[in-house]
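A.B. asks: First the structure, which I've put down as structure tokens, then a few questions once you've had a look.
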Amino acid sequence: SLSWSIVDPESPVSIIEGCDPREITADTTGTGIFCRVRSLPGEAVGYAYIKRDAVAPTVTASTTAVANAAGWHRQNVTVAYACADATSGLTAFCPGQETLSQEGRDISTTVKTMRDYAGNVGTSNVITINLDKTRPLVSTEPRTPMNAYGWHRDDVTIDFTCFETLSGLSAPCPAPYTFTGEGRDLSYQVPVSDNAGNQVLAGRLLSIDRTAPTIVASATGAPNAAGWYRTNVGVAFACNDALSGIRVCPFAQTLSQEGDAVSSTALTTVDYADNLSAPSNVVTVKIDKTAPTLNVAMPPATVLLNATHDFQLNATD
């Protein structure tokens, strides 16, 4: 409100212009108003300069980060501030950027205030987000444990257990999976995601050997042309397993008994998956370590010079 006080105690005063009371209702950065009056001695001029700002500053928070379709972010969100005051101007700099990094639902910026030179105070809007930066946790457990050497010898079913406490899983935890083949380091992996888009590959490596090893026995030397040995005969065992490998292969046997049908003992072997082989073949040999005997029987008659005599020869074996 603007009014003028005009006083001249000695002569009448007449108003020339601009001296009416008025209300300044529009914001202005500066408006000059004059009041001119006249009395007998001459004119007088009054001057008022009005600056008015009734509008609070604006403080606008914004972010370029966009939540996914489920309403979640999985990375820190940067919030920028824009400030404006059209008339009197701001008394301080606009707030700097703010980073929302705490995980959780309804994570919000703090309210920022700005004051202009007229004393008006503006407050910012609030940015609220859902933030989940942590991938789900998934554990797998086989229903049948591996043996002491890290092998299975039959089908193996694994169960999945999922842990996600914030945004929640985007799909149910994977169903059990059964390994049916055989091989070393068989792999199965399946992606597991949460509603924020964090993903982990869940799965398992395991080894399956369901094939039994083989064992073959053989004599370490060859018999003579008649098929006989005249010394002890060694029987060696050759063991084979194409996958997990042989854990125990028997030591060689020694056949020392004499006879025309001396046989080895059938033995088995085992691989690292605990598969047991069928019994080995049996090696049967002929062994004769005893020299033959030759007996000469002289006739009881007197031996005559230049006479023919018979001698009895007797060979045994």
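The values are calculated or read from the model by the stated rules, or taken from the named source; none is laboratory data. Computed from a predicted model, the values in this text were never measured in an experiment. Here the Cβ is made from the backbone with ideal geometry for all residues, glycine too, and neighbour counts use every protein chain on show. Note: areas computed on protein heavy atoms with side chains; ligands, DNA, RNA excluded. Shrake-Rupley method; radii C 1.70, N 1.55, O 1.52, S 1.80 Å.
A.B. asks: At 7 Å along Cα-to-Cβ for each site, give me the label-to-label distance between Ser3 and Thr58 in nm.
C.D. replies: Going from the Ser3 label point to the Thr58 one covers 3.8 nm.
A.B. asks: Note down, for region 155-233, the three equivalent ellipsoid semi-axes (square root of 5 times each alpha carbon gyration tensor eigenvalue), biggest first, whole angstrom.
C.D. replies: Three semi-axes, in Å: 59, 10, 8.
A.B. asks: What lysines could a cross-link reach from Lys112, if we take a straight Cα to Cα line under 27 Å and drop same-chain neighbours fewer than 8 places away?
C.D. replies: Excluding near neighbours in sequence, the set is Lys51, Lys133.
A.B. asks: Here's a follow-up. What's the extension gain from Val303 to Val216 if we count 0.36 nm per residue and subtract their Cα-Cα distance?
C.D. replies: Length gained between Val303 and Val216: 25.0 nm.
A.B. asks: Could you please put Tyr272, Tyr47 in sequence from largest to smallest accessible area, using a 1.4 Å probe?
C.D. replies: The ordering from most to least exposed comes out as Tyr47, Tyr272.
A.B. asks: Let me ask you something else. Tell me, how many Å apart are the Cα centres for region 18-94 and for region 204-261?
C.D. replies: Their Cα centres are 102 Å away from one another.
A.B. asks: A further question on this structure: How much accessible surface does Ser3 have with a 1.4 Å probe, in Å² rounded to 10?
C.D. replies: The value for Ser3 is about 80 Å².
A.B. asks: Moving to a separate point now. Over region 234-317, with the other protein chains present, what is the accessible area per residue in square angstrom, probe 1.4 angstrom?
C.D. replies: 66 Å²
A.B. asks: Kirkwood hydrodynamic radius, region 273-317, all distinct C-alpha pairs: what's the number in Å?
C.D. replies: Taking the inverse mean of 1/r over all distinct Cα pairs, region 273-317 comes out at 16.4 Å.
A.B. asks: Moving on to the next point. Expressed in nm to one decimal, what extension gain is obtained for the pair Tyr49 and Glu258 from 0.36 nm per residue of sequence separation less their Cα-Cα distance?
C.D. replies: 61.4 nm
A.B. asks: Let me ask another. Looking only at Cα atoms, what is the convex hull volume of the chain per residue, in Å³?
C.D. replies: Dividing the Cα hull volume of the chain by its residue count gives 212 Å³.
A.B. asks: Then there's this: Quick check: with the 1.4 Å probe, what order do Val283, Val296 take by accessible area, largest first?
C.D. replies: Descending order: Val296, Val283.
A.B. asks: Let me ask another. Go through region 281-287 residue by residue and turn each phi into a ³J(HN,Hα) via Karplus (6.51, -1.76, 1.60, θ = phi - 60°); whole Hz please, and just put x for glycine and proline.
C.D. replies: 5, 9, 8, 10, 10, 10, 10
A.B. asks: Additional query: Check cross-link reach from Lys286 to the aspartates and glutamates: straight Cα distance under 17 Å, and skip same-chain residues fewer than eight apart.
C.D. replies: Counting by Cα, and skipping residues close in sequence, Lys286 has these aspartates and glutamates nearby: Glu258, Asp260, Asp317.
A.B. asks: When the solvent-accessible surface of protein heavy atoms is calculated with a 1.4 angstrom probe, in what order do Asp53, Asp106 fall, highest first?
C.D. replies: Ranked list, largest accessible area first: Asp106, Asp53.
A.B. asks: Oh, and also: Go through region 244-256 residue by residue and turn each phi into a ³J(HN,Hα) via Karplus (6.51, -1.76, 1.60, θ = phi - 60°); whole Hz please, and just put x for glycine and proline.
C.D. replies: Result, rounded to whole Hz: 7, x, 7, 8, 9, 10, x, 6, 5, 9, 10, 9, 10.
A.B. asks: Could you look at the chain and say what percent of its accessible area is carbon and sulfur, using a 1.4 Å probe and all protein chains?
C.D. replies: Ligands and nucleic acids excluded, carbon and sulfur give 52 percent.
A.B. asks: Let me ask something else about it. Quick one: divide the alpha-carbon radius of gyration of region 63-134 by 2.2 N^0.38 Å and tell me what you get.
C.D. replies: For region 63-134, the normalised Cα radius of gyration is 1.33.
A.B. asks: Next up: Work out, step by step, the length gained on full extension between Ala26 and Thr316: first 0.36 nm times the residue separation, then minus their alpha carbon distance; give nm to one decimal.
C.D. replies: So the chain would gain 89.8 nm between Ala26 and Thr316.
A.B. asks: Using the basic label-point model (7 angstrom from Cα toward the beta carbon), what is the Asn224 to Val248 distance in nanometres?
C.D. replies: According to this spin-label approximation, the distance is 4.0 nm.
A.B. asks: Given Cα positions, please report Rg to Rh for region 1-52, the hydrodynamic radius being the Kirkwood one.
C.D. replies: Looking at region 1-52, the ratio lands at 1.05.
A.B. asks: Out of every Cα pair in region 1-109, what percent are spaced more than 20 Å from each other?
C.D. replies: 64 percent
A.B. asks: A further question on this structure: Dividing the convex hull volume of the Cα atoms of region 78-201 by its residue count, what figure in Å³ per residue is obtained?
C.D. replies: With only Cα atoms used, region 78-201 gives 134 Å³ per residue.
A.B. asks: Something else about it: Around Asp288, what is the net charge, scoring Lys/Arg as +1 and Asp/Glu as -1 over all other residues with Cβ under 13 Å from its Cβ?
C.D. replies: Local charge sum for Asp288: 0.
A.B. asks: Then there is this: Under a crude label model (7 Å from the Cα following the beta-carbon direction), how far is Asp288 from Ala70 in nanometres?
C.D. replies: Result: 8.8 nm between the two label points.
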